[in-house]
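> Take a look at the following structure, please.
Rule-based calculations on the coordinates, nothing more; no lab input. What you see is a predicted model; the values in this text were computed from it and never measured. Every residue, glycine as well, gets a Cβ built from its backbone with ideal geometry; the counts of neighbours run over all protein chains shown.
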Amino acid sequence: MNPSRNLKLALACAAGLLFITGCDKKLDNDQRKASYAIGQQIGQNLKSQNIDYDPDVVAMSMKDVSSGKPSRLKPEEMQQALQKLQESINKKNSEAAEANLAEGKKFLEKNKGEAGVKTTASGLQYVVVSEGKGKTPTAKDTVKAHYRGTLTNGQQFDSSYDRGQPAEFPVSGVIKGWTEALQLMKVGEKMKLFIPPELGYGPSPRPGIPANSVLVFDVELIDVVPTKGKK
């Protein structure tokens, strides 16, 4: 089994990042500022993948390449090392996913008894914060909405409010919990959603969202977008 392409790319980028920024250069021109911005993105990627590596050794390897020195490991040794690293990442992710699933069940079980919380047959939980008086969208509609998404510990992973403009998307083009919730809302309504993993991203982690996470959203349905050609 070969290491994933993402792992290879992440390690390659990390090596470049460490070699370039290891000298603590000043961010005094556009190239260096852009390089730093790229490094921030790469660093977040490495962190989200739980990659365990030695920065000093990565920097040493990059220096060997730049100076034309031969590799200190044979190709098969590097391949084996990367395979073991991928296996370690998979194991940690699997353990974390199982723990998150158990914690999520406990959270939802307790949360369903909180004041105002309603639970649907699918397991979606929601609270109507303020009622709307407009149209209720269908699965075929496109809507405009403001939202803020967090984990159960309050850690935010996304927010249209922070971007300064609402998001526009098809009702059937989002996670299952959203698709169901939107069809329970009216334009102008605000809801707080508690989405179990099976109605969210399940065992597949996303940036800022660990595997099997319960997702908490504050949603404001602003409008049902008219279909082109129709009023």
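> Compute the whole-percent fraction of alpha carbon pairs in the range 33-163 spaced more than 19 Å apart. List each step's numbers first, then the result.
Details: 6292 of 8515 pairs.
That tail contains 74 percent of the Cα-Cα pairs.
> On to the next question. Give the shape of the range 98-141 as rounded, prolate or oblate, defined through the alpha-carbon gyration tensor: a ≥ b ≥ c are the square roots of its eigenvalues, a/c under 1.5 means rounded, and otherwise the shape is prolate if a/b is larger than b/c and oblate if not.
Note, shape of the range 98-141 comes out oblate.
> Whole Å is fine, so just give me how far the alpha carbon centre of the range 149-171 lies from that of the range 187-208.
10
> Taking amide H positions as placed 1.01 Å from N in the peptide plane, with prolines and chain starts having none, which residues 5 or more places from THR142, or on another chain, fall under 5 Å of its amide H?
The list, which skips near neighbours in sequence, is VAL171, VAL225.
> Add +1 for every Lys or Arg and -1 for every Asp or Glu among the other residues with Cβ under 11 Å from the Cβ of GLY188, and state the total.
Counting the neighbours of GLY188, the net charge comes to 0.
> Fewest first, what order do GLU95, GLU168 take by the number of other Cβ atoms within 10 Å?
Sorted ascending by nearby Cβ count, the order is GLU95, GLU168.
> Quick one: 3J(HN,Hα) in Hz for the range 179-194, Karplus 6.51/-1.76/1.60 with θ = phi - 60°, rounded, Gly and Pro as x.
Ordered by residue, 3J(HN,Hα) equals 4, 5, 5, 4, 7, 9, 9, 10, 3, x, 7, 10, 10, 10, 9, 10 Hz.
> Same structure, new question: Kindly put VAL225, VAL143 in sequence by how many other C-beta atoms sit within 10 Å of each C-beta, fewest to most. Before the final figure, lay out the partial values.
Values: VAL225 14, VAL143 24.
With the sparsest Cβ surroundings first, the list reads VAL225, VAL143.
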